[in-house]
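J.: Below are the structure tokens for one structure; questions will follow.
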Amino acid sequence: MTPRFEIPEIETERLRLRLPAISDLDTYAEFRASDRAIFVGGPFDRAASYRALTELVGQWHLRGYGRWMITDRLTGEPLGVTGIYHPEDWPERELAWSLFASGEGRGIAYEAALAARRFAYETYGWTRLISCVAPENTRSVALAQRLGAEFEGTHDVPDLGLLHVWRHPGPDDTTTHSDAHSSNLTRPT
């Protein structure tokens, strides 16, 4: 059975960003059971990973945007997840990413996140995105910086702790980095 709503696919030189599928569950559950998932609240068991996979699809249905499975364009191998994450208790729409071990060290997260950000700006006309990153997640901090994001403040999440908020440049690189208006955001002093 396929969903009754359209989820766009994005292709880059090496990647395809597509709707998560039940065939991704083994790889996704392996990632979420590993220490790699510590920065997203893990490790998790398979049942929790299944629920999280359904949440990836569900946000598309509820909000009209969401996260894609990052796959190798030629082989279809799942390499991670990226796209727009926006739970109810988040300060605003977040460009999020998680990379599986098989995708690490090849620029996959950068290529995928850049494509997702470009899509969000061009398709939805948005001018603002953040990324919430655990400060000790040095690889994600480096990726946020490589994407041109600047540290803006913090956001406390009960299950994850204090996250650093990184403001992405707007589509015209004119978005100021100090104009956040969310009460859920704590600015540095």
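J.: Under 5 Å between amide H atoms, partner at least 5 residues away or on a different chain: which partners does G83 have, H built in plane at 1.01 Å?
T.: W68, A96
J.: How about region 100-179: which GluC sites (Glu not before Pro) there lie in a loop by DSSP and see at most 11 other Cβ atoms within 10 Å?
T.: E136
J.: Report the full-extension gain for the segment E88 to V157: residue separation times 0.36 nm, less the Cα-Cα distance, to one decimal in nm.
T.: 23.7 nm
J.: When the Cα centres of region 63-111 and region 129-168 are compared, how far apart do they sit, in Å?
T.: 15 Å
J.: Does region 1-97 come out rounded, prolate or oblate by the C-alpha gyration tensor, with a ≥ b ≥ c the root eigenvalues, rounded set by a/c under 1.5 and, if not, prolate when a/b is larger than b/c and oblate if not?
T.: Here region 1-97 falls in the rounded category.
J.: Per DSSP helix of 4 or more residues, -39500 (n - 2.57); summed, then divided by the residues of the chain. What does that give at 222 nm, rounded to the nearest 500?
T.: Mean residue ellipticity, 222 nm, calculated: -9000 deg cm²/dmol.
J.: Here's something else I'd like to know. Helix 108-124 versus the longest principal axis of the chain: what is the Cα-based angle in degrees, 0 to 90, to the nearest 10?
T.: With rounding to tens, the tilt is 70 degrees.
J.: Could you state, as a whole-number percent, how many of the C-alpha pairs of region 35-86 are farther apart than 18 Å? Write out the running numbers ahead of the final one.
T.: Values: 540 of 1326 pairs.
Cα-Cα pairs in region 35-86 separated by more than 18 Å: 41 percent.
J.: Moving to a separate point now. Seen from all sides and averaged, what is the projected area of the convex hull of the Cα atoms in the chain, in nm²?
T.: Details: hull surface 42.8 nm².
With every direction weighted equally, the projected area is 10.7 nm².
J.: Please report, as a whole percent, how much of the solvent-accessible surface of the chain comes from carbon and sulfur atoms (probe radius 1.4 Å).
T.: 50 percent
J.: Now for a different question. Whole number in Å², please: accessible area per residue of the chain, 1.4 Å probe, ligands, DNA and RNA not counted.
T.: 53 Å²
The values are calculated or read from the model by the stated rules, or taken from the named source; none is laboratory data. Everything quoted here is computed from the prediction, not taken from an experiment. Ideal geometry is used to build each Cβ from the backbone, glycine not excepted, and the neighbour counts take in all protein chains shown. When the accessible area is computed, the model is the full protein with side chains, heavy atoms only, and any ligands, DNA or RNA have been set aside. Shrake-Rupley method; radii C 1.70, N 1.55, O 1.52, S 1.80 Å.
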